[in-house]
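Below is one structure, written out as structure tokens; comments come after it.
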Amino acid sequence: MRIKAVIRARTFRQSLLLSSALMSLAAMPAYAQEKPKSDEQSGVILNPIVITSAPQSTPFKVVTDPKAPRQPVPASDGADYLKTIPGFSTIRNGGTNGDLVFRGMFGSRINIRTDGGVILGACGGRMDNPTSYISPESYDRMSVIKGPQTVQWGPAGSAATVLFERDPQHFDKLTLKGDSSILFGSNGRFDARVDATVGDKPGYIRMMANKSRANDYKDGDGNRVPSKWDKWNTDLYLGLTPDADTVLEISGGLGDGEARYAGRAMDGSQFERQSLGLKFSKSNVSDYLEKIEAQLYYNYADHIMDNFRLRPPQKMPMESEVDRRSMGGRVSTTWNFDEHTLVAGLDFQTDTHRSKEKVNMQLTDNWLKDAQFANYGVFGEWTWNFADNQRLVAGGRIDRASVEDDRASSLTYGDKRNQAAFSGFIRHEQDWSSLPVNSYIGLGYVNRFPDYWELFSPKGVTGSALNAFEGIESEKTVQVDFGAQYSEGDTDIWASGYFGVINDFILFDYSNPGGSVATNVNARIMGAELGVSRQFANYWKAEASIAYAWGQNTTYDEPLPQIPPLEGRLGLTYERDNWSVGALWRLVAAQTRIAENMGNVVGKDFDESAGFGVFSVNGTYRFNESVRLSLGVDNLFNKEYTEHLNRDGDAGFGFSSNYQLREPGRTFWAKTDFKF
């Protein structure tokens, strides 16, 4: 009881500190002195700033540059980059390939698109989750649309839609341009990448390549955490641009890697990726037809797991190889009629999951198909500018989803599930004439078909159904999203919040010794993110953000599991001429609302968790318009701590039962960026 009382007291103190800091920052006086010139004004290309908390672009959308230096220094995968955006968390496996969580929601509730396509992991336990195959710095832009507030990108995500985007190129003359970077850090960390484009009026060639590796890290007590990784990716784009309004682009990519997982019984010894794409876009087609876009994509993931290549030999060697082939396409048109804009189109995606047959515990060359998914959808998003400063945005899509159980050992072998579902939203946006404020409120609905991990990974299901494939219902979410953004002079303030009701929320129960059991429950969720940025004096800038998520299982009147605790960030930066120094204080409250042994396909609630604070510093020097050096020390005081969203350490590395993985201790890093 005393431990819980201490945790609750610490939660209250940290919540009070974060709230006070936000209010103080908003009230900070702005001095009437000339601000330093921005990069746009001075013509400088590389900004000497380290990103510690990505700001809002609109009240419900975040757009950020994935190539900019960040603190804490992210790993090589997409999930770690998204952690710099308030509301995002990850479930750690080792040093890389953590599983993404937004507002406490997990898995396919977050719709992740890479260059318009989809790549899905193959492991039944999500050792190679979708963001494992994403190298963020090879993209031009990373966008997050909060809540069910878009229907343009395949089956809607009830929590968020995340877009990793690359831009088509246009040139007036023969040009070579690009950027590259190299990073060194503690624990043998090394990253190198290059992104180069050569083009002229008729077209262009763009090549991207990167390499990232690290050894095991040490926690704040100096204990080694098995976490090393080694990954590489390369992509090639060929574009034809017969005129300024037309682009035809073909692309291909390869990648592979390995990762040691302290929180898994096996490691990932292969993350092979193959990608192909074809895109076409035509703008300014007619007075009313603004744009036509068409796309086809193919993504293939071949994943090998074992317990002997990257860890000490085990008494019983294990190995498994699985793959997943995803194909899809999309056609959309954009229409303009005075104050009305309509984006309408259709899309499809199919994927096949297989595993290699085993004979006497040895892999053969024979692939066995176990699941086939397909989804076909039509969508439309309409914007009505009914006043000079007000807009009404509404969208809807109809999806036809299907899946077939091809597991020969399954009780539902050969069975198919089909579903026609509607998802949609309506949103009011306003730019206030009396204040430098824009705001929105929206209502969204998503009927989410269960994904592979929810249908095929559980060992059982509640009720009388034969298995999860037969028994798990689709998840229905109704959610209200709202927010506002204030921007004037030296001050930016933004806030976004949500309240949702979920019927048939898909939950995993780990209290059964025989393995996870999937079930449907009803739930309520709510939360908010708030941020303040204030430039004061001549060169100082202070930032603060806070994120809170809450969930309740209304079927059993207990908390939803795997909900991250209250989290805040306080940042201070001094930027002058071509250099800057900054500090980041990340504060995380205790989490006392848990559902023990309940969770999702990769994580469960162990116990209540204590709060913590981590202090980091950074500095940047810009040598010229094309070269920038960034330095940082993450976890400056070498604090030992664990995140609430976590995995238990594996016995193969000597960890005891329910030992939660510790986070990295003091980490030094240096990154140099080049533009040419």
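The values are calculated or read from the model by the stated rules, or taken from the named source; none is laboratory data. Not measured: the values here are computed from a predicted model. A quick note on method: Cβ atoms are made from the backbone with ideal geometry, for glycine too, and the neighbour counts reach across all protein chains shown.
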I'd like the residue in segment 642-676 that is part of a strand (DSSP E or B) and aromatic (F, W, Y) and, out of all such residues, is nearest to the chain's Cα centre (by Cα). W669
Residues satisfying the stated conditions in segment 266-298, i.e. more than 28 Å from the chain's Cα centre (by Cα) and among the small types (G, A, S): S283, S286
Are any residues in segment 214-237 assigned to a strand (DSSP E or B) and either acidic (D, E) or out of contact with any Gly (no Cβ under 7 Å at 6 or more places or on another chain) (or both), and if so, which ones? R224, V225, D230, D235, Y237
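Conditions tested, residue by residue: (1) within 27 Å of the chain's Cα centre (by Cα); (2) farther than 26 Å from F271 by Cα.
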| residue | (1), (2) |
| --- | --- |
| Y300 | yes, no |
| M316 | no, no |
| M327 | yes, no |
| T334 | no, yes |
| D351 | yes, no |
| V359 | no, no |
| N366 | no, no |
| A394 | yes, yes |
| T412 | no, yes |
Filtered residues of segment 238-256 (kept if part of a strand (DSSP E or B), without any contact (Cβ under 8 Å) to a residue 60 or more places away in the chain and of a type outside the set (A, V, I, L, M)): T246, G252, G253, D256
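If you check A610, A589, A542, which single one turns out to be under 27 Å from R109 (Cα atoms), in contact with a helix residue (DSSP H, G or I) (Cβ under 9 Å, 6 or more places away or on another chain) and in contact (Cβ under 8 Å) with a residue 12 or more places away in the chain? Walk me through it before giving the result.
Details: A610 fails: under 27 Å from R109 (Cα atoms); A542 fails: under 27 Å from R109 (Cα atoms).
Being under 27 Å from R109 (Cα atoms), in contact with a helix residue (DSSP H, G or I) (Cβ under 9 Å, 6 or more places away or on another chain) and in contact (Cβ under 8 Å) with a residue 12 or more places away in the chain holds for just one of A610, A589, A542, which is A589.
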State whether one or more residues within segment 274-292 are among the basic types (K, R), farther than 30 Å from G380 by Cα and out of contact with any helix residue (DSSP H, G or I) (no Cβ under 7 Å at 6 or more places or on another chain). no
Does segment 222-233 contain at least one residue that is over 25 Å from the mean Cα position of the chain (by Cα), at pLDDT 95 or above and closer than 16 Å to D140 by Cα? no
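Of all the residues that make up segment 546-568, how many are of a type in the set (D, E, K, R) and surrounded by 23 or more Cβ atoms within 10 Å (Cβ to Cβ)? Before the answer, list the steps.
Going residue by residue through segment 546-568, those that are of a type in the set (D, E, K, R) are 557-558, 567.
Then keep just the ones that are surrounded by 23 or more Cβ atoms within 10 Å (Cβ to Cβ); that gives 567.
Number satisfying all stated conditions: 1.
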So how many residues does segment 478-519 have that are over 25 Å from G444 (Cα atoms), surrounded by fewer than 18 Cβ atoms within 10 Å (Cβ to Cβ) and in contact with a Leu (Cβ under 8 Å, 6 or more places away or on another chain)? 0
Got at least one residue in segment 97-118 being buried (at least 22 other Cβ atoms within 10 Å of the Cβ), closer than 18 Å to S227 by Cα and among the small types (G, A, S)? yes
Write out, first by first residue and then by second, each pair whose Cβ atoms fall under 6 Å of each other, whose residues are 6+ apart or on separate chains, and whose first residue, in segment 361-387, is more than 19 Å from C123 (Cα to Cα) while the second is aromatic (F, W, Y). Y376/F348
For the subset of segment 346-360 comprising residues that are touching a residue at least 24 places away in the same chain (Cβ under 8 Å) and among the β-branched types (V, I, T), which member is surrounded by the most Cβ atoms within 10 Å (Cβ to Cβ)? T352
Please work out which residue is surrounded by the most Cβ atoms within 10 Å (Cβ to Cβ), limiting yourself to segment 623-648 and to residues that are modelled with pLDDT under 95 and of a type in the set (D, E, K, R). R647
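Residues to consider are V343, V378; find the one that is at pLDDT 95 or above, in a strand (DSSP E or B), β-branched (V, I, T) and buried (at least 18 other Cβ atoms within 10 Å of the Cβ). Write out each step before concluding.
Working: V378 fails: buried (at least 18 other Cβ atoms within 10 Å of the Cβ).
Result: V343 is the single residue among V343, V378 that is at pLDDT 95 or above, in a strand (DSSP E or B), β-branched (V, I, T) and buried (at least 18 other Cβ atoms within 10 Å of the Cβ).
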Would you mention how many residues in segment 81-93 are within 22 Å of R141 (Cβ to Cβ) and outside any strand (DSSP E or B)? 7
Would you confirm whether or not segment 469-477 contains a residue that is within 30 Å of L435 (Cα to Cα), touching a residue at least 12 places away in the same chain (Cβ under 8 Å) and surrounded by fewer than 18 Cβ atoms within 10 Å (Cβ to Cβ)? no
Count of segment 478-488 residues which are out of contact with any Lys or Arg (no Cβ under 9 Å at 6 or more places or on another chain) and farther than 21 Å from A421 by Cβ: 6
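Out of all the residues in segment 190-219, which are over 25 Å from L174 (Cα atoms) and out of contact with any Pro (no Cβ under 9 Å at 6 or more places or on another chain)? Show your work before the answer.
Going residue by residue through segment 190-219, those that are over 25 Å from L174 (Cα atoms) are 190-192, 210-219.
Within segment 190-219, F190, D191, A192, N210, K211, S212, R213, A214, N215 meet the criteria.
Suppose we filter K459, K476, K416 for residues that are basic (K, R) and under 27 Å from the mean Cα position of the chain (by Cα); which single one remains?
Details: K459 fails: under 27 Å from the mean Cα position of the chain (by Cα); K416 fails: under 27 Å from the mean Cα position of the chain (by Cα).
After applying the criteria, what remains is K476.
Restricting attention to segment 520-545, report how many residues are of a type in the set (S, T, N, Q), more than 21 Å from D557 (Cβ to Cβ) and crowded, with 17+ Cβ neighbours inside 10 Å.
Keep residues of segment 520-545 that are of a type in the set (S, T, N, Q), which gives 520, 522, 533, 535, 538, 545.
Then drop every residue that is not more than 21 Å from D557 (Cβ to Cβ), which leaves 533, 535, 538, 545.
Narrowing the set further to residues that are crowded, with 17+ Cβ neighbours inside 10 Å leaves 533, 535, 545.
Total meeting the criteria: 3.
Can you confirm whether M316 is among the hydrophobic types (A, V, I, L, M, F, W, C) and not in a strand (DSSP E or B)?
Against the criterion (among the hydrophobic types (A, V, I, L, M, F, W, C) and not in a strand (DSSP E or B)), M316 qualifies.
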Can you tell which of A421, A394 is in contact with a strand residue (DSSP E or B) (Cβ under 6 Å, 6 or more places away or on another chain) and within 21 Å of K146 (Cβ to Cβ)? A394
Just to check your reading of the model, which residue among V331, V322 is at pLDDT 95 or above, closer than 23 Å to D650 by Cα and in a strand (DSSP E or B)? V322
Looking at (1) crowded, with 19+ Cβ neighbours inside 10 Å; (2) closer than 16 Å to D235 by Cβ; (3) of a type in the set (A, V, I, L, M, F, W, C), which is the only condition A192 fails? (1)
Leading residue by the ranking (surrounded by the fewest Cβ atoms within 10 Å (Cβ to Cβ)) among those in segment 399-445 that are β-branched (V, I, T) and under 22 Å from E475 (Cβ atoms): I426
